[in-house]
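J.: Here it is, the structure in full.
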Amino acid sequence: TANFAINQYVVVVSSNPQNGGTLSGGGTYSHGETVTLNATPSEGYEFLNWTEGGVEVSTDANYSFNATADRLLTANFALKSYTLETQVSGEGSIQRTPDKALYTHGEIVELTAVPDNGWGFVGWRGDLEGSENPTEINMNGDKSVTATFARNQYTVNLVVEPQEGGTVGGGGVYSFGDEATVTAQVSDCYLFTGWYE
């Protein structure tokens, strides 16, 4: 009696980087048996491809093939990249450190609101809230942030010297850049001599 047995093959799978994702489907298979490998990215990672000996064999996270030999396959992952959109309401700018077009998952970006002359920072809107300045944002997705600025407010106080010399008008609260017009109405027997600050 000639006895035969079907060949058995070992399929070994590994993840690059090690914490990039979880894998299933590795093990021992009989010749011709269908092998289905599955790569599930960890949070913040995306699947790139399957490679064997440094050569790409598939870009499908669910990779199927027939077992015909021992195989050592690597699932490659990469950190996701995100965009950070910044806008301003009012007059000012936003500085970000580091300043890049794309940020990797989990990267921390420092944002600083810089008001223009005569303007003040009010607060953040969008994916960042509050009025802390500077502040930080965790890049775990595409983000959009708006810095709100408001014109500074100034008070114009008017005083008459001497008090019985007349009346004045035009005092009050003005925003930066507003034109304030003040008037002096002279009482009888008095002469207006000028404005002094």
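The values are calculated or read from the model by the stated rules, or taken from the named source; none is laboratory data. Predicted model, so just to flag it, every value in this text is computed and none were measured. No Cβ is skipped: glycine too gets one built from the backbone with ideal geometry, and neighbour counts run over all protein chains shown. Just so you know, the surface numbers come from the protein's heavy atoms only, side chains and all, with ligands and any DNA or RNA stripped out. Shrake-Rupley method; radii C 1.70, N 1.55, O 1.52, S 1.80 Å.
J.: Taking K and R as +1 and D and E as -1, what net charge do the other residues with C-beta under 15 Å from the C-beta of Leu37 add up to?
T.: For residues surrounding Leu37, the net value is -4.
J.: I would also like to ask the following. Would you please give the residues with an amide H less than 5 Å from that of Thr86, counting only those at least 5 places away or on a separate chain, with H modeled from the backbone geometry?
T.: The answer is Val145.
J.: With a cut-off of 8 Å between alpha carbons and a minimum separation of six or more residues, what is the relative contact order of the range 39-197 in percent?
T.: Working: 299 pairs, mean separation 26.9, N = 159.
Relative contact order of the range 39-197: 17 percent.
J.: Counting heavy atoms of the protein chains only and a 1.4 Å probe, report the per residue accessible area for the range 55-197 as a whole number of Å².
T.: Working: 9040 Å² over 143 residues.
Accessible surface, normalised per residue, equals 63 Å².
J.: Right, here's the next one. What does the convex hull of the alpha-carbon atoms of the range 98-144 project to on average, in nm²?
T.: On the way: hull surface 14.5 nm².
About 3.6 nm², averaged over all directions.
J.: Could you tell me the ratio Rg/Rh of the range 121-197? Both radii from Cα atoms, Rh via Kirkwood.
T.: On the way: Rg = 22.8 Å, Rh = 16.7 Å.
Looking at the range 121-197, the ratio lands at 1.37.
J.: Taking K and R as +1 and D and E as -1, what net charge do the other residues with C-beta under 12 Å from the C-beta of Asn140 add up to?
T.: Working: positive: Lys80, Lys143; negative: Glu43, Glu107, Asp127, Asp142.
Net local charge, Asn140 excluded: -2.
J.: Using Cα-Cα distances under 8 Å and only pairs 6 or more residues apart, what relative contact order does the range 105-195 have, in percent? Can you show the working numbers first?
T.: Numbers: 143 pairs, mean separation 21.5, N = 91.
Dividing the mean separation by the residue count of the range 105-195 yields 24 percent.
J.: Using only the Cα atoms, what convex hull volume per residue in Å³ does the range 16-118 have? Mind showing how you got there, number by number?
T.: On the way: hull volume 11.2 nm³, N = 103.
Cα convex hull per residue, to the nearest whole number: 109 Å³.
J.: For the chain, with all protein chains present and a 1.4 Å probe, just round the carbon and sulfur fraction of the accessible area to a whole percent.
T.: Details: 5740 of 12350 Å².
C and S atoms contribute 46 percent here.
J.: Rolling a 1.4 angstrom probe over the protein chains, ignoring ligands and nucleic acids, what is the accessible area of Lys100 in square angstrom, nearest 10?
T.: 80
J.: I would also like to ask the following. Once the mean 1/r over all distinct Cα pairs of the chain is inverted, what Kirkwood radius in angstroms do you read off? All intermediate terms of the calculation are to be shown ahead of the outcome.
T.: Numbers: mean 1/r = 0.0426 Å⁻¹.
So the Kirkwood estimate lands at 23.5 Å.
J.: For the range 13-24, in order, what is each residue's ³J(HN,Hα) by Karplus, 6.51 cos²θ - 1.76 cosθ + 1.60 with θ = phi - 60°, in whole Hz (x at glycine and Pro)?
T.: Values per residue, Gly and Pro as x: 10, 9, 10, 10, x, 4, 9, x, x, 10, 10, 9 Hz.
J.: Cβ under 13 Å from Val13's Cβ, Val13 left aside: what net charge do those residues give with Lys, Arg +1 and Asp, Glu -1? Kindly include the intermediate steps, with their values, before the conclusion.
T.: Values: positive: Arg71; negative: Glu52, Asp70.
That sum, taken over residues with Cβ under 13 Å, equals -1.
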